[in-house]
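Before any comments, here is the structure.
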Amino acid sequence: MRAMVLAAPGRPLRLADLPRPDCGEGQIRLRVRACGVCRTDLHLREGELSAGHLPLVLGHEIVGEVIERAADVTGFPLGSRAGVPWLGWTCGVCRECREGRENLCEQARFTGRDLPGGFAEETVAFARHCFPIPACFPDVAAAPLLCAGLIGARALRFVGAGERLGLYGFGAAGHLVAQVARSQGRRVFAFTRPGDAEGQRFARSLGVEWAGGSDEAPPGLLDAAILFAPVGALVPAALRAVGPGGIVVCAGIHMSEIPAFPYELLWRERILRSIANLERRDGKEFLPLAARLGLRPETTAFPLAAAEEALLALREGRLRGAAVLVP
């Protein structure tokens, strides 16, 4: 099968012919129909996150057709579609798993980092960590829901009930969570790269109340903010933008160094927190919700061999919404 392979951090992905991965106990084999390109893939490619092993096939927003399943798998009949997210396996026995916090499992394995990813024609995944794909979403549109959508929805759970929500970074996750937030009656304020007029027009086209650069102050204090951009300097900026009791959620898996800031930015019961990975319940709740709301993922499709081009477009901020590879 063809796959785009990362041989070493900092080196371009290369197209290679690999053996089909074995379908082991508890797993399903998928013919990849689409795989989203996530900023986590870029962090792995550039060495900002360590790979579980090398060489590595990236990709963890996988929509695939089930073409084989292990004897112990009862769901996902052959020919059905399955979605494979970042969290690919958990132990089920550690304290975190037992207490319902499997996203913090110390033994967790992640798709496209420790387990085969979706930048390939085929892959395998543990069935108990996969999700059925709602029929209303075509393959390409469904792919970004499996990380950008899931992480965005998880972040939204932690911002409380505040009405005025700021989104720092308006890419794959931002444009999806904005639609969910607006359906909840929230007022959304979008922060893009400074000078990104096209990104701000895109945000306004989705009904956000205000869109400006991340170096600008919003019109009035926010109740909460979510940081999707992996820029540590935005943490004090977001704390300045929220009012007393405001919540700032860092939603990325990696962020540049956060600069020192005066305690007064945190004082008056402001909250700064991160979220990590996801739980299976996130997918079980979000994907049906996305279908009910009629979410409209904005995507740009790339052929499998153009994975490097897609990653470069992501790094340079040239994408409107999400990039998706189509083998």
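Just a few scattered comments:
- Failed condition for Lys284, given (1) in contact (Cβ under 8 Å) with a residue 40 or more places away in the chain; (2) basic (Lys, Arg); (3) surrounded by 14 or more Cβ atoms within 10 Å (Cβ to Cβ): (3)
- Here the condition is being assigned by TED's automatic domain parsing to the domain that holds Val235, in a strand (DSSP E or B) and either modelled with pLDDT under 95 or in contact with a helix residue (DSSP H, G or I) (Cβ under 6 Å, 6 or more places away or on another chain) (or both); of Leu156, Leu167, it holds for Leu167 alone.
- When we screen Ala203, Ala178 for residues that are outside any loop (DSSP other than H, G, I, E, B) and in contact with a Phe, Trp or Tyr (Cβ under 7 Å, 6 or more places away or on another chain), the only hit is Ala203.
- For region 298-325, a residue qualifies if it is part of a helix (DSSP H, G or I) and either of a type in the set (Val, Ile, Thr) or touching a residue at least 24 places away in the same chain (Cβ under 8 Å) (or both), and the qualifying residues are Leu304, Ala305, Ala307, Glu308, Ala310, Leu311, Leu314, Arg315.
- Counting only strands (runs of 3 or more DSSP E) that sit completely within region 1-109, those holding 2 or more residues that are among the basic types (Lys, Arg) correspond to 27-37.
- Selection status of Gly245, over 20 Å from the mean Cα position of the chain (by Cα), closer than 29 Å to Leu42 by Cα and either in the same structural domain as Arg315 (by TED's automatic domain parsing) or part of a strand (DSSP E or B) (or both): no
- Every condition in (1) buried (at least 17 other Cβ atoms within 10 Å of the Cβ); (2) under 30 Å from Ala125 (Cα atoms) holds for Ala181 except the one numbered (2).
- Among the residues of region 256-293, those identified as under 21 Å from Arg98 (Cα atoms) and touching a Leu at 6+ places or on another chain (Cβ under 7 Å) are Ala276, Asn277, Leu278, Asp282, Gly283.
- Count - residues of region 253-272 that are charged (D, E, K, R) and surrounded by 12 or more Cβ atoms within 10 Å (Cβ to Cβ): 1
- The residues of region 207-242 that are under 17 Å from Val177 (Cα atoms), of a type in the set (Val, Ile, Thr) and part of a loop (DSSP other than H, G, I, E, B) amount to a single one, Val208.
The values are calculated or read from the model by the stated rules, or taken from the named source; none is laboratory data. What you see is a predicted model, and the numbers here were worked out from it, not measured in a lab. Glycine gets a Cβ as well: all are built from the backbone with ideal geometry, and neighbour counts include every protein chain shown.
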